[in-house]
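Engineer: Below is one structure. I have some questions about it.
The values are calculated or read from the model by the stated rules, or taken from the named source; none is laboratory data. For clarity, every value in this text was computed on a predicted model and none was experimentally measured. Virtual Cβ from ideal backbone geometry, glycine too; neighbours counted across all protein chains shown. Quick note on the areas: whole protein, heavy atoms, side chains included, nothing else; ligands and nucleic acids left out. Shrake-Rupley method; radii C 1.70, N 1.55, O 1.52, S 1.80 Å.
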Amino acid sequence: MKVIKVLPRGFGSNCFILTADDKTAVVVDPADSGVLTALNNNNLRCEYVLLTHGHFDHVGGCAALCKNGARVYCGEAEKPLIFSAGYLSLFGGVSVPPFEVYATLKDGEGFSLCGINFKAIHTAGHTAGGMCYIADGKYLFTGDTLFRRGIGRTDLFGGNFAELLKSLKKIAALEGNYKVLCGHEDDTSLDDERLYNPYLRF
């Protein structure tokens, strides 16, 4: 499996393109429509989108991908929040091109998309329905739950610090090491975060 990291434009999140066959792709958190350029440059067609959560800086490119046939998945508790007044009023009000969520995922659910095996992990705290995803048994996509040496904020609509600590404990307890691909800033590893991130050492 190949992972292509698409850096944000402006106030967006990191976006990740995953492909196992160099033809079809799964996109994690398409921050904006610029992901289409990255897909075209790599001769890839996005079949599916996985959302770690529904904040505008992670979903801005969903509509453009859906117009090209992609299907969007998110956590079951996150779906009703994505276009809620609580989300759209963040940071003084934002505009997100409308899109439909094709299906939702449960905690611990395993599934396969484009020849890639995934596992969904419900990680509430930054948002109520946030999800992290293990891909190919090697990569952990953490959205805004876990950052390199840090964690996501909990002072926004739906945030809950106590729930985030529970989610971080769940992540820290995963067996083995993973490359951690975060929603913002640099990549890291789970072993590194276990050693140096104070929120995973509690």
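Engineer: Over the Cα atoms of the chain, Rg to Rh with Kirkwood Rh, two decimal places?
Structural biologist: 0.93
Engineer: So, with +1 on the Cβ of K and R and -1 on the Cβ of D and E, and no other charges, what is the size of the charge dipole of the chain about its Cα centre, to the nearest 20 debye?
Structural biologist: 100
Engineer: Further, regarding this structure: Could you work out [θ]222 nm for the chain from helices alone, using -39500 (n - 2.57) per DSSP H run of at least four and dividing by all its residues? Round to the nearest 500 deg cm²/dmol.
Structural biologist: -5000 deg cm²/dmol
Engineer: Whenever you get a sec, compute what percent of the accessible area on the chain sits on carbon and sulfur atoms (1.4 Å probe).
Structural biologist: Carbon with sulfur: 49 percent of the solvent-accessible area.
Engineer: Let me ask you something else. With a probe of 1.4 Å, find how much accessible area the stretch 70-168 has per residue, and write the answer as a whole number in Å².
Structural biologist: Computed with neighbouring chains in place, this is 44 Å² per residue.
Engineer: Length gain on complete extension for the stretch Leu156 to Lys169, per 0.36 nm per residue less the alpha carbon to alpha carbon distance?
Structural biologist: 2.6 nm
Engineer: Just to confirm a number: summing +1 for Lys and Arg and -1 for Asp and Glu over residues other than Glu47 whose beta-carbon lies under 12 angstrom from that of Glu47, what do you get?
Structural biologist: After counting each charged neighbour, the total is +2.
Engineer: Ok, one more. Assigning unit charges at the beta carbon (Lys, Arg +1; Asp, Glu -1) and nothing else, what dipole magnitude in debye, to the nearest 20, does the stretch 110-202 show about its Cα centre?
Structural biologist: 240
Engineer: Could you give the length gained by full extension between Asp186 and Asn42, i.e. 0.36 nm per residue of separation minus their alpha carbon distance, to one decimal place?
Structural biologist: 49.6 nm
Engineer: Going down the list Lys138/Lys166; Lys2/Lys166; Lys138/Lys170, which pairs span over 26 Å between their C-alpha atoms?
Structural biologist: Those over the limit are Lys2/Lys166.
Engineer: So, one more: Grab the beta carbon distance between Asp136 and Asp107, set R0 = 22 Å, and tell me the FRET efficiency rounded to 0.05.
Structural biologist: My answer for the efficiency is 0.65.
Engineer: How far, in nm, would the chain grow between Asn68 and Ser89 when pulled straight, counting 0.36 nm per residue and subtracting the alpha carbon separation?
Structural biologist: Gain on extension, Asn68 to Ser89, equals 4.7 nm.
Engineer: Here is a follow-up. Report D for the stretch 96-202 in µm² per second (integer): Stokes-Einstein, Kirkwood Rh on Cα pairs, 4 °C, 1.567 mPa s.
Structural biologist: Taking Rh from Cα pairs, D becomes 91 µm²/s.
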